[in-house]
Amino acid sequence: MKRIAILLLTILLYSHKLSWHGNYEKALALAKKEHKKLLVLIVKRDTPYAKVIKSINRVKGVSEHYIPFIGFFDTNYPIELYYTTKFPTLFFVDPKNETFIREPLYGKKIFQKLSLVLSQ
């Protein structure tokens, strides 16, 4: 319960531009409804993911094209679809068939890589 409260507080503090979803099924349904792609961020509980969220929130174009979902490696997302051993990992997903639309981004420099991806 404490971890959930910390996650929610982190998301509230750092997500002033994006509304991060903690429920995969709801984020997927919203992406389909709004005709946007799904941005899936997978983190480990013991990593400083707040910095990654803050960095992604600053990238221009994310909120216009993606519905963001944050999942922890050990819970709350379909691990068989988004399995990774590198953290954080950012997946770009077509919500219609839950397939990848590009290679995932890994590591602490997701912010710089995401800026390059969206500018292409």
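Numbers at a glance
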{"read-out": "Pair list, Cβ under 9 Å, 6 or more apart: the stretch 102-120 residue over 14 Å from Pro88 (Cβ atoms) and polar (S, T, N, Q), other residue at pLDDT below 80 and buried (at least 16 other Cβ atoms within 10 Å of the Cβ)", "value": "Ser115/Val59"}
{"read-out": "Pair list, Cβ < 6 Å and 6+ apart or interchain, from the stretch 56-72 residues that are touching a residue at least 60 places away in the same chain (Cβ under 8 Å) to residues that are crowded, with 21+ Cβ neighbours inside 10 Å", "value": "Ile70/Trp20; Ile70/Leu41"}
{"read-out": "Contacts under 8 angstrom Cβ, first residue in the stretch 11-26 being more than 11 Å from Asn57 (Cβ to Cβ) and of a type in the set (Gly, Ala, Ser), partner surrounded by fewer than 18 Cβ atoms within 10 Å (Cβ to Cβ) and modelled with pLDDT under 50, 6 or more apart", "value": "Gly22/Leu8"}
{"read-out": "Lys109 of a type in the set (Lys, Arg) and in contact with a Pro (Cβ under 9 Å, 6 or more places away or on another chain)", "value": "no"}
{"read-out": "Some residue of the stretch 24-34 being out of contact with any strand residue (DSSP E or B) (no Cβ under 8 Å at 6 or more places or on another chain), at pLDDT below 80 and not aromatic (Phe, Trp, Tyr)", "value": "no"}
{"read-out": "Residue match in the stretch 58-77 (condition: of a type in the set (S, T, N, Q) and touching a helix residue (DSSP H, G or I) at 6+ places or on another chain (Cβ under 6 Å))", "value": "no"}
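The values are calculated or read from the model by the stated rules, or taken from the named source; none is laboratory data. Computed from a prediction, not measured in an experiment: that's the story for all the values here. Here Cβ is always computed from backbone atoms with ideal geometry, including for glycine, and neighbour counts include all displayed protein chains.
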